[in-house]
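The values are calculated or read from the model by the stated rules, or taken from the named source; none is laboratory data. Please read all numbers here as calculations on a predicted model, not as lab measurements. Virtual Cβ from ideal backbone geometry, glycine too; neighbours counted across all protein chains shown. Side chains included, ligands, DNA and RNA excluded: accessible areas come from the protein's heavy atoms. Shrake-Rupley method; radii C 1.70, N 1.55, O 1.52, S 1.80 Å.
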Amino acid sequence: GSYGDVAVVAGAAGMTGAAWLAGSAALAAGAGRVYVSLLDLQLQVQQPARPELMTRQAWWTSTPAVLNGTTVVAGCGGGQAVASTLPALLAHAGRLVLDADALNAVSNDAALLAQLQHRRGPTLLTPHPLEAARLLSCSAAQIQADRLAAAREVSRLTGAAVLLKGSGTVLTCPTGQTVINPSGN
């Protein structure tokens, strides 16, 4: 119990592999316990290749205390189903990573964006250029034209740390500190 809990809220119908992949990555990174809560409620099954990944149905409905004590990864392969989980996660998750469809949901819903902006816990957004463009209401070409400025603007807009994926991945935080990973994406 001293290496922390991670909950992956992801994997809508037809996209459950993304949830299992994220859960496997959390284990590889050293998390103590990893829960996978699939958004495809018809498919709450154990991943036979990784029996150490535990499943929890509708984990995002857990008590605020449980949510607060967990690092939550939301959105990978989430489809439209992830949007309904975000109000509780934004309000109560201790540490939160938003990826893929969670970012798309935030970019399409002013109430979710406002909730993200007022969130107090540590938050990391991991957009690729098109997801960043959706958040900033511009084109992916504009994001790519100045990746540093784009990452900083997403961070300023949301109040979260941002990891802008791509060649020369950019990581920035709301204080403005920015680093580039020159070794890959």
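Here's the yes/no breakdown for (1) buried (at least 17 other Cβ atoms within 10 Å of the Cβ); (2) in contact with a strand residue (DSSP E or B) (Cβ under 9 Å, 6 or more places away or on another chain):
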residue: Q142; (1), (2): no, no
residue: V154; (1), (2): yes, yes
residue: G176; (1), (2): no, no
residue: G184; (1), (2): no, yes
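Applying the criterion of being of a type in the set (S, T, N, Q) and touching a helix residue (DSSP H, G or I) at 6+ places or on another chain (Cβ under 7 Å) to the residues of region 81-122, the residue that is farthest from A10 (Cα to Cα) is Q117.
Of all residue pairs spaced 6 or more apart or on separate chains, those with beta-carbon atoms under 9 Å, a first member in region 57-68 that is closer than 14 Å to V82 by Cβ and a second member that is among the aromatic types (F, W, Y) and open to solvent by less than 40 Å² (accessible area, probe 1.4 Å) are W59/Y35. Restricting attention to region 78-86, does a residue exist that is free of Cβ contacts under 8 Å to residues at least 60 places away in the same chain and over 20 Å from L125 (Cβ atoms)? No: region 78-86 contains no residue that is free of Cβ contacts under 8 Å to residues at least 60 places away in the same chain and over 20 Å from L125 (Cβ atoms). Restricting the search to region 14-35, which residues are out of contact with any strand residue (DSSP E or B) (no Cβ under 8 Å at 6 or more places or on another chain) and not in a helix (DSSP H, G or I)? Selection gives G14, M15, A29, G30.
The condition of being over 17 Å from the mean Cα position of the chain (by Cα), on the phi < 0 side of the Ramachandran plot and either part of a helix (DSSP H, G or I) or buried (at least 23 other Cβ atoms within 10 Å of the Cβ) (or both) holds for V66.
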